Protein chains: 2
Amino acid sequence: MVVLLQRPLAAVAGLLWYCLTGVLSIPDPRQREALMKLEASMQTGGQMILTDAEKQLDALLFKMKQEEIMRADFPPAMHFFKARTLIQTSPIFSLLQKMPKGGALHVHDLSTTSIEWLVKNVTYRPHCYMCCTDSRSIRFVFSSQWPKALPYCSPWILLENLRAKLVNTTDLDNSIMGNLTIFTDQDPETVYPNQEVIWDTFEQAFLAMWGLVTYAPVFRDYYYQGLTEFYTDNVMYLELRALLPELYELDGSIHNRAWTLKTYQDITRDFTAEHPDFFGARIIFSVHRAVNASVMTGIVEEAMKLQRDFPDIMAGFDMVGREDSGRPLWYFRDALSLPAEHGVTLPFFFHAGETDLEGTEVDQNLLDALLFNTSRIGHGFALPRHPVAKGLSRKRGVAVEVCLISNQVMQLVKDLRNHPAATLMSENHPLVISSDDPAMFGSSGLSYDFYEAFVGLGGIRSNIGSLKELAINSIRYSSLTLKQQEKALALWQKKWDKFVSENAL
Amino acid sequence: MVVLLQRPLAAVAGLLWYCLTGVLSIPDPRQREALMKLEASMQTGGQMILTDAEKQLDALLFKMKQEEIMRADFPPAMHFFKARTLIQTSPIFSLLQKMPKGGALHVHDLSTTSIEWLVKNVTYRPHCYMCCTDSRSIRFVFSSQWPKALPYCSPWILLENLRAKLVNTTDLDNSIMGNLTIFTDQDPETVYPNQEVIWDTFEQAFLAMWGLVTYAPVFRDYYYQGLTEFYTDNVMYLELRALLPELYELDGSIHNRAWTLKTYQDITRDFTAEHPDFFGARIIFSVHRAVNASVMTGIVEEAMKLQRDFPDIMAGFDMVGREDSGRPLWYFRDALSLPAEHGVTLPFFFHAGETDLEGTEVDQNLLDALLFNTSRIGHGFALPRHPVAKGLSRKRGVAVEVCLISNQVMQLVKDLRNHPAATLMSENHPLVISSDDPAMFGSSGLSYDFYEAFVGLGGIRSNIGSLKELAINSIRYSSLTLKQQEKALALWQKKWDKFVSENAL
């Protein structure tokens, strides 16, 4: 059974607080102890009641963490691209991989699945053409006939012809792979001197894979493979920000958005049928924030229709793309007011506060997302600097989807111990840990992000209770109905108990 | 007159909050506006009532800040060593230099005065000997006779003899200067790969200047020159963390600590007499946290005696040195309890939370400083991660001494927009801006730190009211009596009004 205490220490806190507002010059060790406990109890998971087995595992974790902090190179203080191999050798990471982490609530459709699979499997399929753009990116298309030339791109090459001519295809494959991810073995600060360069490379990589993954047969397999990878990482549920592209077939024919959404529904059902301990997935239809107001009106109308027609798979609506260079939520206020005006349900899951432009129009997205009654906040990196928005988020239980590796790679913060969510975790602010674009960052599933949160944000103090609450949060703050949440929690608890008993010494 | 409103918006806030805990899907623009205003009013200076002239200056500052944020290289996001020349060209910085900033409450005795003055003036005085240590640092002594050799140091060289032999002394002077500061023109991340290296260099630089500044005649001039530099930067009051070293004379005779403290008192009186618009300075006697418990007991006893004998100049007591490698406050609890046990007043001004070792024994200093009834918190970098300590600090009005450039240079944070004090400023947490060791960091006075706070922490939103409250805070949270504070505020207000009228368009 999952036991969550509703702040039983609040009364004690008030009392201690009162005692302490007077002048104390010789601290009473018991009072000190009580305040330390009070502070520890305020963090994420601080009020979780632990079983004996959980306490045993916690003691083990505490020891591991003390050793981890002694490492000369402390991974959360380093850029993830450099820290990755260190993290892979960490016993805490091994444990987190095995841990049932609940759901991944902030992941983008085109970055769920490893790039290696995309290159080694997808680009080896027949009818796969590639061209090189003037800006040194690549484009793909599958076609039964020789495809029409693309502007600003070299003539198409049929990959199977090219590979047939090569003695060794490793270099070609690596070069393709390099175009489909922003991960690099070189010094990331040299390769990406500023946010503009990394965002540009990031968007080019999505354009590069576009022709691969929007080919309907690949789309299905890509999604299935993505589910497999998250499932293997002990994630049991996904909420996917999805662009719902119009998929194409080999003959060039095109399917509409509803077809794409239905494909998600079918594959999710297949996968869940084959993996009964996987709970499922839901889709947050997402559109690029570069569109103008009238286009947005049409899209919101379509989203309302999709929500009505596919209530099981569709969770709601969001906007994607860099906040700093895109249009703010307030610009789209008329379109975003449509569902409420029509009395139609369209839950919002807005990205907001993924910025360091404090006080600008973009920085207003946080408050606006809350005013539009967003169900969660994507990133919320700027939230602690917005006391009104932060208060609303807490009071209404609007969870922040914290994506640590993403914020570091996209250059909002260097040492993850300084990530603003460290403060949120110390106060048990409603939050979930997610991985945003794992394939793009050279990460996978949720374990790397859980590692950064547990070791980096949480410091020595966060414990098995923190991990447990983070996993439970991912179900409690999901878009699932209360009844589904209960079912998911029961499934998770079974996995959790098994994990604890297998790993507690 | 200084007008500070006591949160008149609290009632409105409560009301708005209540309204907003319901579900709103179509935001009311007036309500949105009200919430934005509410949030702006919660920041440092957000409730300051502005005169017409202040409003005019604010409009100018807003324009300047918008232009500043458009700069390709945004100084607060860069390492100060690289940002310094950019800051010097900023019109905001020019204005901040002219602004009366009140007091500097967190500055260390041996880093108030420019290194250039130390080299070009002090090392050119007669009887100045230098030697080079095995670890490539330098040591100095003034002596009427040839001094006895130091262990692990080359034979002494009389600098005037050495300089007489050189055609050009520039290289020698630059090399000496390089040993007395941690500022570098090279890439700071390459020169200082981690915190250990920079702390070591930092402490070596203090050892290098030790023999220069503890020579009694130099000590007097050094302090007078330090006061001059802060005064020139429009700082009117200082609270100095001072080691109170035993000063020596040319014949090797030694003065005791009381003599050093009295020297501070005399020079401060002289300086204030010569600069009637300078308010004064007070001393926080500080000891290195590397000492053991029994040594600390003796030192606290001496501090109590000094506090009794020099109540005007002595403000209280603190410990210095790197928290991460030193002993935590709790280790010294018996010694620190002595004043209260004896019913003797010895105000504490503890460094606490200058660390990223979250959850460790060191990280406990914040709560312990508050339990020992500290008057202020030095740095408090880790405060936002400690909700209990943060609550106590706010409730008791224990101000945090925020030293931005110091925390960046000593590698706690890279982009100053991510400094935890950004959150504190957004909530008007009691805080003051200070410069810690300006000479050591290649900074001076307070203006550089005010620039980082105003442009970096505050973002677009912080305004003339923020600057005004920061300056007022530096008097309100000083160790001055209420009566002295009133006098200091009146003096500051006169300067402020002049500054505003001269700079408002």
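The values are calculated or read from the model by the stated rules, or taken from the named source; none is laboratory data. Since this is a predicted model, take the numbers as computed values, not measurements. Ideal geometry is used to build each Cβ from the backbone, glycine not excepted, and the neighbour counts take in all protein chains shown. To get the accessible areas, we keep the full protein, side chains included, count just its heavy atoms, and leave off ligands, DNA and RNA. Shrake-Rupley method; radii C 1.70, N 1.55, O 1.52, S 1.80 Å.
Details
- Index of the failed condition, A:Glu323 passing every other in (1) closer than 22 Å to A:Lys390 by Cα; (2) modelled with pLDDT of 95 or more: (2)
- When each of A:Lys487, A:Lys414 is tested for being touching a Lys or Arg at 6+ places or on another chain (Cβ under 9 Å) and among the basic types (Lys, Arg), the lone residue that passes is A:Lys414.
- The stretch A:155-182, subset outside any helix (DSSP H, G or I) and over 26 Å from A:Glu196 (Cα atoms), residue most open to solvent (accessible area, probe 1.4 Å): A:Val167
- Residues that are closer than 15 Å to B:Met236 by Cα, hydrophobic (A, V, I, L, M, F, W, C) and open to solvent by 10 Å² or more (accessible area, probe 1.4 Å) within the stretch B:463-483 comprise just one, B:Leu480.
- Evaluation of A:Glu486 against (1) open to solvent by less than 20 Å² (accessible area, probe 1.4 Å); (2) away from chain B (no Cβ under 13 Å) (one fails), failing number: (1)
- Where a residue in the stretch A:460-486 is of a type in the set (D, E, K, R) and its partner, wherever it lies, is open to solvent by 10 Å² or more (accessible area, probe 1.4 Å), with Cβ under 7 Å and at least six apart: A:Arg461/A:Ala40; A:Arg461/A:Gln43; A:Arg461/B:Glu358; A:Arg461/B:Gly359; A:Lys468/A:Met48; A:Glu469/A:Met48; A:Arg476/A:Gln485
- Pick from the stretch B:277-322, criterion open to solvent by 40 Å² or more (accessible area, probe 1.4 Å) and among the charged types (D, E, K, R), ranking: farthest from B:Leu366 (Cα to Cα): B:Asp277
- Scope the stretch B:442-460; condition away from chain A (no Cβ under 14 Å) and assigned to a loop (DSSP other than H, G, I, E, B); matching residues: B:Gly442, B:Ser443, B:Ser444, B:Gly445, B:Leu446
- Helices (runs of 4 or more DSSP H) contained entirely in the stretch B:323-415, each with at least 2 residues that are in the same structural domain as B:Asp449 (by TED's automatic domain parsing) and either over 16 Å from B:Ile433 (Cβ atoms) or open to solvent by 10 Å² or more (accessible area, probe 1.4 Å) (or both): B:333-341, B:365-371, B:387-396
- Taking the listed residues B:Ala421, B:Ala382, B:Ala352, B:Ala399, the one that is more than 8 Å from chain A (Cβ to nearest Cβ), under 30 Å from B:Asp187 (Cβ atoms), small (Gly, Ala, Ser) and within 16 Å of the chain's Cα centre (by Cα) is B:Ala421, with no other qualifying.
- Filtered by the rule that a residue be within 26 Å of A:Met36 (Cα to Cα), more than 18 Å from the chain's Cα centre (by Cα) and among the β-branched types (Val, Ile, Thr), the stretch A:456-505 gives A:Ile460, A:Ile464.
- Some residue of the stretch A:467-474 being over 16 Å from A:Met99 (Cα atoms), assigned by TED's automatic domain parsing to the domain that holds A:Ile377 and not β-branched (Val, Ile, Thr): no
- Test: residue in the stretch B:432-441 that is in a helix (DSSP H, G or I), at negative phi and open to solvent by less than 10 Å² (accessible area, probe 1.4 Å): no
- Hits in the stretch B:32-49 (condition: in contact with a Leu (Cβ under 9 Å, 6 or more places away or on another chain) and open to solvent by less than 40 Å² (accessible area, probe 1.4 Å)): B:Arg32, B:Ala34, B:Leu35, B:Leu38, B:Glu39, B:Ser41, B:Thr44, B:Gly45, B:Gly46, B:Gln47, B:Met48
- Residues within the stretch A:442-460 that are on the phi < 0 side of the Ramachandran plot, open to solvent by 10 Å² or more (accessible area, probe 1.4 Å) and not polar (S, T, N, Q), tallied: 2
- Residue match in the stretch B:294-310 (condition: more than 13 Å from chain A (Cβ to nearest Cβ) and under 27 Å from A:Leu38 (Cα atoms)): no
- Near pairs, Cβ below 8 angstrom, 6+ apart or cross-chain, from the stretch A:326-347 (at the interface with chain B (Cβ under 10 Å from one of its Cβ atoms)) to any residue that is of a type in the set (S, T, N, Q) and open to solvent by 70 Å² or more (accessible area, probe 1.4 Å): A:Pro339/A:Thr345
- Where a residue in the stretch B:230-242 is more than 27 Å from B:Arg257 (Cβ to Cβ) and its partner, wherever it lies, is outside any loop (DSSP other than H, G, I, E, B) and open to solvent by less than 10 Å² (accessible area, probe 1.4 Å), with Cβ under 6 Å and at least six apart: B:Asp233/B:Ser447
- In the set (1) touching a Leu at 6+ places or on another chain (Cβ under 9 Å); (2) part of a helix (DSSP H, G or I), B:Phe285 fails one condition alone, (2).
- The numbered conditions (1) modelled with pLDDT under 90; (2) under 16 Å from A:Met99 (Cβ atoms) are all true for A:Leu20 except (2).
- Residue match in the stretch B:189-199 (condition: open to solvent by 70 Å² or more (accessible area, probe 1.4 Å) and within 30 Å of B:Tyr264 (Cα to Cα)): no
- Condition check for A:Leu207: aliphatic (A, V, I, L, M) and crowded, with 19+ Cβ neighbours inside 10 Å: no
- In the stretch B:255-269, of all residues being open to solvent by less than 50 Å² (accessible area, probe 1.4 Å) and of a type outside the set (Val, Ile, Thr), the one that is farthest from the chain's Cα centre (by Cα) corresponds to B:His255.
- Scanning the stretch A:223-254 for residues being more than 25 Å from A:Phe350 (Cβ to Cβ) and open to solvent by 10 Å² or more (accessible area, probe 1.4 Å) gives a total of 15.
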